[in-house]
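Reviewing the structure listed below.
Coordinate-derived values only; no laboratory data. These numbers come from a predicted model, not from an experiment. All Cβ positions, glycine included, derive from the backbone under ideal geometry; neighbour counts span all protein chains shown.
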Amino acid sequence: MNIALAIDSIDFRYVVRYTFLNLCNILKDVGNDKMNIYLHRPKDNRVIQYCAVILLLQVLSFSMAVYAKDLKATIAELPPNVKYRPDGTPIGPFNAAFGVDGTPVGPFVEIVKAIDNEYREGRILLTLFPFSRSLKNLEYGLADFHIPIIRSPFITEVTFPYAYSTESWGKVAFVLYTNAKKPRLDKKQLGSYQIEVMRGQTMFYNFKTTEGDSSTQGIEKIIRGRIDGYIGSQETTDAVIIERQLKGIRRELFYYFDACLLIAKGSKQKHIDKILSSALKKLKENGKLQEIVQSIHKPYNNWQPYEMGW
């Protein structure tokens, strides 16, 4: 248990209140008429000792109660290492990043905050990490859920090391990017090519893939002939192509995935899923989720970089 984190979230006014009530009960035992005597006798520190013990136990009990209700979200920093202009505006679109002041910002962060607003039993504490490290946070028990993740039809959830949230928060178009100067790849035989995906995403495919740190690296490797193709989300990867005005790239829709939350498997799995999926349903009903998601993922756009006039 992270006692420091839990204690930080305690309202100590309640601790003091309950400690005072317990102190009154102790003083009743020694007699109300002796209250002043016991409080002012330096050599008799029994009351002080009782107070210290009760305060410690009260803090621990409150910390455990608060800690049990709080949830920890781990968010993938996408794209990694966002750069900013001198005026503080980001260069290119991003879904989750550290702002110029070090505060997590972006649509994925807003989704977690929206869920937090619907969660009445505690708070949701959030952190940002590189994608693969964010998944490791679930594996090591350092977080309760992760965002973003795709629900892959190419794998069985029985062998999957994590659990999907029952409710999704949107759909995302994943695109296959290849070299426009070379023949099209046979999508039914992608395992025979060298296909790269974002680090931490190889588990979602039923054919062999390699890992890369970013969409930028993937697109650069295609141009240099180091890989045959790259599969990534449309918005993140298109941004790289548009920013650099690259012409030698071919695009084609690979698959529309459901975008979900990822939950650590274990005894709390069903309870956490109920909390998160219930919140997502409410956010869909009141339209707040759609407002956020529309800035993240859009329907597949069948444009071709090699046809652009830049």
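Quick notes on this one:
- Label point distance in nm, LYS282-GLU243, each placed 7 Å from Cα along Cα→Cβ: 3.7 nm
- Chymotrypsin sites (Phe, Trp or Tyr not before Pro) within segment 71-165: DSSP coil, no more than 12 neighbouring Cβ in 10 Å: TYR140, PHE154
- Each of TRP169, TRP310, TRP303 has some number of other Cβ atoms within 10 Å of its Cβ, and from fewest to most they run TRP310, TRP303, TRP169.
- Segment 259-275 versus segment 169-198: alpha-carbon centroid distance in Å: 30 Å
- Taking a straight line from the alpha carbon of LYS187, these lysines sit under 16 Å away, with near neighbours fewer than eight places off in the same chain left out: LYS208.
- Sites ASN117 and SER295, calculated FRET efficiency, Cβ-Cβ separation with R0 22 Å, nearest 0.05: 0.80
- 14 Å cut-off, amide nitrogen to a point 7 angstrom out along TYR193 Cα→Cβ, residues in segment 230-269: 230-232, 249-255
- A Förster distance of 35 Å, applied to the separation of the beta-carbon atoms of MET203 and LYS182, puts the FRET efficiency at 0.80.
- Working note: Karplus 6.51/-1.76/1.60 with θ = phi - 60° gives segment 261-269 the couplings 9, 10, 10, 5, 6, x, 5, 8, 4 Hz, where Gly and Pro are set to x.
- Values of log10 I(q)/I(0), in the order q = 0.18 Å⁻¹, for segment 134-255 under a Debye, Cα-only, solvent-free model: -0.99
- When each of LYS72/LYS113; LYS136/LYS274; LYS69/LYS270 is checked by Cα-Cα distance, pairs over 18 Å: LYS136/LYS274
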